[in-house]
Amino acid sequence: QLIARRIRESRVYCEIHPCTMPIEAVRAFGARGIVLSGGPASVHEEGSPLVDPALFELGLPVLGICYGMQLMAHQLGGKVKQSPLREYGKAMLDMKIPDSLLFKGLKAKQQIWMSHRDTVTAPPSGFSVLGATETCSIAAISNDSLKQYGVQFHPEVIHTPCGRQVLRNFLFDIAGCSVDWNPKDQIQRIEEEIRRTAAGRNV
């Protein structure tokens, strides 16, 4: 929800869907890009959330956040190490490729917020390591040719001051979105929907 809110605050339309959304529905949706969110699961646990591998073959930009990055690495042939301990709190990100589109306009060292258990220990083939922290040697990855990116930290929280810029870089410079949606414009639509749902009842 918070990731979606940050995207909408950048005046870009977005919707939240489960990872089980059929690939045909993803194609029909006509998205400019896909964000795979974080979560408490481990890719090593039975029944953990997975996506259809075809998602990574649609040619759409993908940004994996926290578990989303681990999921990308796991499903694309990288390695994810299961950890019994959880890292939670502030960290400093050292950018290995500062001119990356994802980190465009940011200084080479940034405060970020971590909240994860597992870690990526080897990126998938074709991916580069974008950044690291003192305790996490692979904190961000990228495959520029496929426009697929992953960050172990949470750009959507206020404790990652550069987070909004990271999201905006993905939205505008990578996914090619436009500033063409305003939440205020939804008021009339929502009011009409409430009237239809209420159907004359005293609400």
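Which residues, counting only those in region 7-21, are in a loop (DSSP other than H, G, I, E, B) and either among the polar types (S, T, N, Q) or open to solvent by less than 70 Å² (accessible area, probe 1.4 Å) (or both)?
Step one: list which residues in region 7-21 are in a loop (DSSP other than H, G, I, E, B), which gives 10-21.
The answer is Ser10, Val12, Cys14, Cys19, Thr20, Met21.
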Inside region 173-201, the number of residues satisfying the requirement of being touching a residue at least 60 places away in the same chain (Cβ under 8 Å) and more than 30 Å from Leu63 (Cα to Cα) is 0
Reported set for region 45-54 where residues are outside any helix (DSSP H, G or I) and either aliphatic (A, V, I, L, M) or in contact with an Asp or Glu (Cβ under 7 Å, 6 or more places away or on another chain) (or both) is Leu50, Val51
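Looking at region 107-128, which of its residues are in a loop (DSSP other than H, G, I, E, B), in contact with a strand residue (DSSP E or B) (Cβ under 7 Å, 6 or more places away or on another chain) and modelled with pLDDT under 95? Full working, then the answer.
Step one: of region 107-128, the residues in a loop (DSSP other than H, G, I, E, B) are 107-108, 117-118, 123-127.
Okay, now just the ones that are also in contact with a strand residue (DSSP E or B) (Cβ under 7 Å, 6 or more places away or on another chain), so 108, 118, 123, 126-127.
Matches in region 107-128: Ala108, Asp118.
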Selection over region 84-118 where residues are of a type in the set (Ser, Thr, Tyr) and touching an Asp or Glu at 6+ places or on another chain (Cβ under 8 Å) yields a count of 2
Exception for Pro84 within (1) of a type outside the set (Gly, Ala, Ser); (2) farther than 20 Å from Pro161 by Cβ; (3) modelled with pLDDT of 95 or more falls at (3)
Among the residues of region 129-151, the number that are part of a loop (DSSP other than H, G, I, E, B) and either open to solvent by 50 Å² or more (accessible area, probe 1.4 Å) or within 16 Å of Tyr67 (Cα to Cα) (or both) is 10
Within region 22-34, residues open to solvent by 50 Å² or more (accessible area, probe 1.4 Å) and either hydrophobic (A, V, I, L, M, F, W, C) or part of a loop (DSSP other than H, G, I, E, B) (or both) come out as Pro22, Ala28, Phe29, Gly30, Arg32
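Within region 141-158, can one find any residue that is modelled with pLDDT of 90 or more and touching a Pro at 6+ places or on another chain (Cβ under 6 Å)?
Of the residues in region 141-158, the ones modelled with pLDDT of 90 or more are 141-158.
Filter once more, keeping what is touching a Pro at 6+ places or on another chain (Cβ under 6 Å): 141, 147.
Yes, some residue in region 141-158 is modelled with pLDDT of 90 or more and touching a Pro at 6+ places or on another chain (Cβ under 6 Å).
Right, Ala4: part of a helix (DSSP H, G or I) and loosely packed, with under 11 Cβ neighbours inside 10 Å or not? Talk me through it step by step, then tell me what you get.
Working: part of a helix (DSSP H, G or I): yes; loosely packed, with under 11 Cβ neighbours inside 10 Å: no.
The answer is no for Ala4.
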Looking across region 152-199 at residues that are buried (at least 19 other Cβ atoms within 10 Å of the Cβ) and charged (D, E, K, R), the single one that is nearest to the chain's Cα centre (by Cα) is Glu156
Across region 167-203, the tally of residues that are charged (D, E, K, R), within 30 Å of Ala140 (Cα to Cα) and part of a helix (DSSP H, G or I) stands at 2
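Have a look at Lys90, Lys109 and point out the one that is of a type outside the set (Gly, Ala, Ser), open to solvent by 80 Å² or more (accessible area, probe 1.4 Å) and in contact (Cβ under 8 Å) with a residue 60 or more places away in the chain.
On the way: Lys109 fails: in contact (Cβ under 8 Å) with a residue 60 or more places away in the chain.
Lys90 is the lone residue from the list that is of a type outside the set (Gly, Ala, Ser), open to solvent by 80 Å² or more (accessible area, probe 1.4 Å) and in contact (Cβ under 8 Å) with a residue 60 or more places away in the chain.
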Output for Cβ contacts, cut-off 6 Å, separation at least six or different chains, first residue surrounded by 14 or more Cβ atoms within 10 Å (Cβ to Cβ) in region 44-72, second assigned to a helix (DSSP H, G or I), reads Asp52/Ile23; Pro61/Ile174; Leu63/Phe170; Gly64/Met72
Per the filter on region 35-44, residues under 18 Å from the mean Cα position of the chain (by Cα) and either part of a loop (DSSP other than H, G, I, E, B) or not hydrophobic (A, V, I, L, M, F, W, C) (or both) are Ser37, Gly38, Gly39, Pro40, Ala41, Ser42, Val43
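The values are calculated or read from the model by the stated rules, or taken from the named source; none is laboratory data. Remember, predicted model here, so these are calculated numbers, not experimental data. Please note: Cβ atoms are built from the backbone with ideal geometry, for glycine as well, and neighbour counts cover all protein chains shown. The accessibility values were calculated without ligands, DNA or RNA, using every heavy atom of the protein model including side chains. Shrake-Rupley method; radii C 1.70, N 1.55, O 1.52, S 1.80 Å.
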